[in-house]
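Enquirer: Have a look at this one.
The values are calculated or read from the model by the stated rules, or taken from the named source; none is laboratory data. Remember, predicted model here, so these are calculated numbers, not experimental data. Heads up, the Cβs are rebuilt from the backbone with ideal geometry, glycines too, and the neighbour counts pull from every protein chain shown. Heavy atoms of the whole protein, side chains included, go into the accessibility calculation; ligands, DNA and RNA do not. Shrake-Rupley method; radii C 1.70, N 1.55, O 1.52, S 1.80 Å.
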Amino acid sequence: QKPILLQGHERSITQIKYNREGDLLFTVAKDPIVNVWYSVNGERLGTYNGHTGAVWCVDADWDTRHVLTGSADNSCRLWDCETGKQLALVKTSSAVRTCGFDFGGNIIMFSTDKQMGYQCFVSFFDLRDPSQIENNEPYMKIPCSDSKITSAVWGPLGEFIIAGHESGELNQFSAKSGEQLSNIKEHTKQINDIQTSRDMTMFITASKDNTAKLFDCTTLEHLKTFRTERPVNSAALSPIFDHVVLGGGQEAMDVTTTSTRIGKFEARFFHLAFEEEFGRVKGHFGPINSVAFHPDGKSYSSGGEDGYVRIHYFDPQYFEFEFEA
C-alpha cells in the first residue's frame, strides 16, 4: 500500500500528533496553519486559524474535545476541536516551544523560549478556573534559568512533567509544587523530542547527539540507547510491538549524491530490546522532523522539512516479522 501524502503546509513540519483514538492526525509547521486530518484516508477535516507565526507544538486532550497549540507569535491557544473555534488565547513574552494537556484534560502546561531578554518558563493553567486564562495568571510558573527547555511531556497521572533541555539534561517538575523532582544528563546535546509509551511507564528521547534513548518515566532510569550517524529529530514507541521509529537528518556530505526522484530521507526502525535497526522507509525530500505511531500500531506517520506529512500503513510482513538476534 502506497503512503498517503498530506499536503497542507507551505513550510517545514514541526510536529504531528494523533488523538488518543487515532482517527485524527494534527499537524503544525513553520507556517501559521494548524491542520487536522482523517488518518484513515488522509482527507483534511479542517484548520484552526488565528496564529500569526510558526507553530511549534500541538496537542489534543483525552476525549478530543480541545486542541492546544503553541507558536512563535508569542501565544498559546486553546481550540474547540470540532468547530475550530478559538476558546482561549494566552499571551507570552517569547515563543511557545512545547505544550500539552494532562491526562484529565483539565490542566495545560507550556514552556516558552529564552529570547530577547526573557528567560525560559514553564506555565501551568487549570482550565476549570477561567480567571487564570482571562487574567493571564497561571497557577504556577517555573523559571528555567540554566538551560532552555526544548521538549516536554506530562508524566503518568499528571503528577509531573518531564522536560528535555538544550544542554541534553532531563528533569521532572512537580505539577503541584513546581519543585524539581529529579535531574539526569544522559545526552550530550539538545533533546529534540520526548514521547511516552502508550501506558505512560516509559518515554523515548531524540537528541542532536545522534541517539535516541529509552527511560523509565517515574525513576528516569536509562534503559536503552539507539545509535545513528546523524541527529535524531523525533522518536516514537510502537503501542503493540517492541519497536521504535526514529526520524532525523542527513550528513551534509551525502546531500549532493541524492537523486531528486525519490526522497532519500529515511525513517528508521529499531527493536526496543535488542537496540538493533531492522528496517528503513524512504520518502521525504528533507530531514524528518516528527514521527508518530498510530495508537493501534498498524501505521505510522512522519512530517518533514519538505512540508509533507506521510501516513504509512504497515504491510502484512511487518506483523509476522520475528526478530532474529
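Enquirer: Sort out which residues of the stretch 104-158 are assigned to a strand (DSSP E or B) and among the aromatic types (Phe, Trp, Tyr), and write them in order of number. I'd like the intermediate steps shown before the answer.
Expert: We begin by selecting, within the stretch 104-158, every residue assigned to a strand (DSSP E or B); these are 107-112, 115, 118, 120-126, 140-144, 149-154.
Hits for the stretch 104-158 are Phe110, Tyr118, Phe121, Phe124, Phe125, Trp154.
Enquirer: Tally time: how many residues in the stretch 315-324 are loosely packed, with under 14 Cβ neighbours inside 10 Å and either of a type in the set (Asp, Glu) or outside any helix (DSSP H, G or I) (or both)? Let's see the steps before the verdict.
Expert: Within the stretch 315-324, the first condition is being loosely packed, with under 14 Cβ neighbours inside 10 Å, and the residues that meet it are 315-317, 319-320, 322-324.
Filter once more, keeping what is either of a type in the set (Asp, Glu) or outside any helix (DSSP H, G or I) (or both): 315, 320, 322-324.
Final tally of qualifying residues: 5.
Enquirer: Which residues, counting only those in the stretch 5-48, are assigned to a strand (DSSP E or B), open to solvent by 50 Å² or more (accessible area, probe 1.4 Å) and under 16 Å from Glu82 (Cβ atoms)?
Expert: Tyr38, Arg44, Leu45
Enquirer: Oh, and also: Go through (1) in contact with a Lys or Arg (Cβ under 7 Å, 6 or more places away or on another chain); (2) surrounded by 19 or more Cβ atoms within 10 Å (Cβ to Cβ); (3) under 30 Å from Tyr300 (Cα atoms) and name the single condition Ala163 misses.
Expert: Evaluating Ala163 over (1) in contact with a Lys or Arg (Cβ under 7 Å, 6 or more places away or on another chain); (2) surrounded by 19 or more Cβ atoms within 10 Å (Cβ to Cβ); (3) under 30 Å from Tyr300 (Cα atoms) leaves (1) as the failure.
Enquirer: If you go through the stretch 240-259, how many residues are open to solvent by less than 40 Å² (accessible area, probe 1.4 Å), modelled with pLDDT of 90 or more and either within 15 Å of Ser197 (Cβ to Cβ) or assigned to a loop (DSSP other than H, G, I, E, B) (or both)?
Expert: The total comes to 3.
Enquirer: Go through the stretch 75-94 and report how many residues are open to solvent by 40 Å² or more (accessible area, probe 1.4 Å), modelled with pLDDT of 95 or more and over 17 Å from Gly105 (Cα atoms).
Expert: Residues flagged as open to solvent by 40 Å² or more (accessible area, probe 1.4 Å), modelled with pLDDT of 95 or more and over 17 Å from Gly105 (Cα atoms) within the stretch 75-94 amount to 3.
Enquirer: So, one more: Please identify the pairs in which a residue from the stretch 63-82 that is touching a residue at least 24 places away in the same chain (Cβ under 8 Å) and of a type in the set (Phe, Trp, Tyr) has its Cβ atom under 9 Å from the Cβ atom of a residue that is assigned to a strand (DSSP E or B) and open to solvent by less than 10 Å² (accessible area, probe 1.4 Å), counting only partners at least 6 apart or on another chain.
Expert: Trp79/Val34; Trp79/Tyr48; Trp79/Val67; Trp79/Leu68; Trp79/Thr69
Enquirer: In the stretch 70-104, what residues are of a type in the set (S, T, N, Q), within 19 Å of Ile16 (Cβ to Cβ) and in contact with a Cys (Cβ under 7 Å, 6 or more places away or on another chain)? Spell out how you get there, then give the answer.
Expert: The initial filter retains those residues of the stretch 70-104 that are of a type in the set (S, T, N, Q), namely 71, 74-75, 83, 86, 92-94, 98.
Filter once more, so that each one left must be within 19 Å of Ile16 (Cβ to Cβ): 71, 98.
Hit for the stretch 70-104 is Thr98, nothing else.
Enquirer: Now for a different question. Would you mind stating whether Asp129 is open to solvent by 20 Å² or more (accessible area, probe 1.4 Å), over 16 Å from the mean Cα position of the chain (by Cα) and at pLDDT 95 or above? Spell out how you get there, then give the answer.
Expert: On the way: open to solvent by 20 Å² or more (accessible area, probe 1.4 Å): yes; over 16 Å from the mean Cα position of the chain (by Cα): yes; at pLDDT 95 or above: yes.
Taking the combined requirement at face value, the residue satisfies it.
Enquirer: Moving on. Of all strands (runs of 3 or more DSSP E) completely enclosed by the stretch 260-314, which ones contain at least 3 residues that are open to solvent by less than 30 Å² (accessible area, probe 1.4 Å) and more than 22 Å from Thr225 (Cβ to Cβ)? Talk me through it step by step, then tell me what you get.
Expert: On the way: elements: 263-271, 277-283, 288-293, 299-304, 309-313.
In the stretch 260-314, 299-304, 309-313 are the strands (runs of 3 or more DSSP E) which contain 3 or more residues that are open to solvent by less than 30 Å² (accessible area, probe 1.4 Å) and more than 22 Å from Thr225 (Cβ to Cβ).
Enquirer: In the stretch 221-233, how many residues are farther than 13 Å from Phe203 by Cβ and not β-branched (Val, Ile, Thr)? Give the steps one after another, and end with the answer.
Expert: Narrowing the stretch 221-233 to residues farther than 13 Å from Phe203 by Cβ: 225-233.
If we keep only those that are not β-branched (Val, Ile, Thr) as well, we get 226-227, 229-231, 233.
Counting residues in the stretch 221-233 that are farther than 13 Å from Phe203 by Cβ and not β-branched (Val, Ile, Thr) gives 6.
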